[in-house]
Every structure is written in C-alpha cells, then in structure tokens.
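Enquirer: Here you go, one structure.
The values are calculated or read from the model by the stated rules, or taken from the named source; none is laboratory data. The structure displayed is predicted, hence computed values, not measured ones. Don't worry about glycine lacking a Cβ; one is built from the backbone with ideal geometry, like all the others, and counts go over all protein chains shown.
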Amino acid sequence: MRERGFSILELLIVVAIILVIAAIALPSLLHSKLAANESSAVYSIRTINTAQVTYASTYPTVGYASTLNTLASAIAAGPVTSSNAGILDWVLGCSGSVCPKSGYNFQLTDISGSPVSAYSVWGVPITVGTSGNRTFCSNNMNPVLFDPAGGPPDSGNCTQPLE
C-alpha cells in the first residue's frame, strides 16, 4: 500500500512559487511604504505650520513657538499655557529637539525675533532610501518645499516646490 502525502519535489516547487511571488511583491510593498511616509511627512509639516499660526494668534506676545514640545500638551494633565499649548499631539510635539514620526525626524530651526516672528520646520528621512527619499521643509506658512537628495536641515537644497 502506498502512503499518501506530497513528495519532496512537489513541496520544493510550491516553495519556489511562493518565493517568486514574494520577490515580485516585495519591491512594490517597500515603494508603497516609502510613498506613505513621504505623504505623512508633508501632512505633518502642514499640521505644524497650522499649529504655529494658532499658537501665534493665541499668544501674540510670544509669537511662534520655539519648540515642537511647546505646541503639544504636557503629559500630566494641567492647564493650557504658552509652554504647553495643547495644539499638537504628543508624537509631533515630543519632548526632544527632534521628533520622529512615520520614518521622518521633525524639528524647528531658524527661530528668530522677540516675539518669535520666523521659524523653519523640517522633515528629514531617518534613513534616506528606506524610510523616505526626500527632505521636506517650510517656513512661516510658506508652501512645502523639498530636497530630492534627502539632505539635512539647513543644507540649502530644500528649494523645489511640490507638484
């Protein structure tokens, strides 16, 4: 009597087919994730710009916020003040000088004036080519620009407008 089951050859053919399908699908999946990270970065910069306008109109004697954490609410419940405005969520308004979100690091630079009248916001890929290809920047509610090389903040290459 013959035993039932698959031969080793049949199993190897099935595994080979699965590997071919995975090899075809994986680059598309990675490209989709990269595009999603870049879209999230652009939206986050626009959100930060909007939060800055709200902050400056709420606290005109202070002007724009000098840190992303100032735009966020404090971890412990407390009253909303100019030092914890509660406008941004805790991810974009982290306690560090650089806030990671969706494969990008966000930060404010070029803070100037008293009250603060100018700022720049940057979204830089954590790993160029893996988490994003382009650096995004904006200042004082100007349109979002990008650096196709994914350069660091203030590299001078963030000059191309989004299409």
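Enquirer: Could you list, ordered by first residue, the pairs with Cβ atoms under 7 Å in which the first is in segment 38-62 and part of a loop (DSSP other than H, G, I, E, B) and the second is of a type in the set (A, V, I, L, M), at least 6 apart or interchain?
Expert: Close Cβ pairs satisfying both conditions: Val62/Val116.
Enquirer: While we're here: Take the residues in segment 125-148 that are outside any loop (DSSP other than H, G, I, E, B), touching a helix residue (DSSP H, G or I) at 6+ places or on another chain (Cβ under 9 Å) and not small (Gly, Ala, Ser), then tell me which one is nearest to Ala65 (Cα to Cα).
Expert: This residue is Asn139.
Enquirer: Residues Ala25, Ala72, Ala85: which one is at pLDDT below 90, over 16 Å from Cys137 (Cα atoms), of a type in the set (A, V, I, L, M) and exposed (fewer than 12 other Cβ atoms within 10 Å of the Cβ)?
Expert: Just one listed residue meets the conditions, Ala25.
Enquirer: For segment 28-46, enumerate the residues that are surrounded by 10 or more Cβ atoms within 10 Å (Cβ to Cβ) and hydroxyl-bearing (Ser, Thr, Tyr).
Expert: Within segment 28-46, Ser32, Ser39, Ser40, Tyr43, Ser44 meet the criteria.
Enquirer: Would you check which residues across segment 98-124 are part of a loop (DSSP other than H, G, I, E, B) and either of a type outside the set (A, V, I, L, M) or farther than 21 Å from Gly156 by Cα (or both) and list them?
Expert: Scanning segment 98-124 gives Ser102, Gly103, Gly113, Ser114, Pro115, Ser117.
Enquirer: Name, by its number, the condition in (1) out of contact with any Phe, Trp or Tyr (no Cβ under 9 Å at 6 or more places or on another chain); (2) under 23 Å from Thr130 (Cα atoms); (3) part of a loop (DSSP other than H, G, I, E, B); (4) touching a residue at least 24 places away in the same chain (Cβ under 8 Å) that does not hold for Ser95.
Expert: (2)
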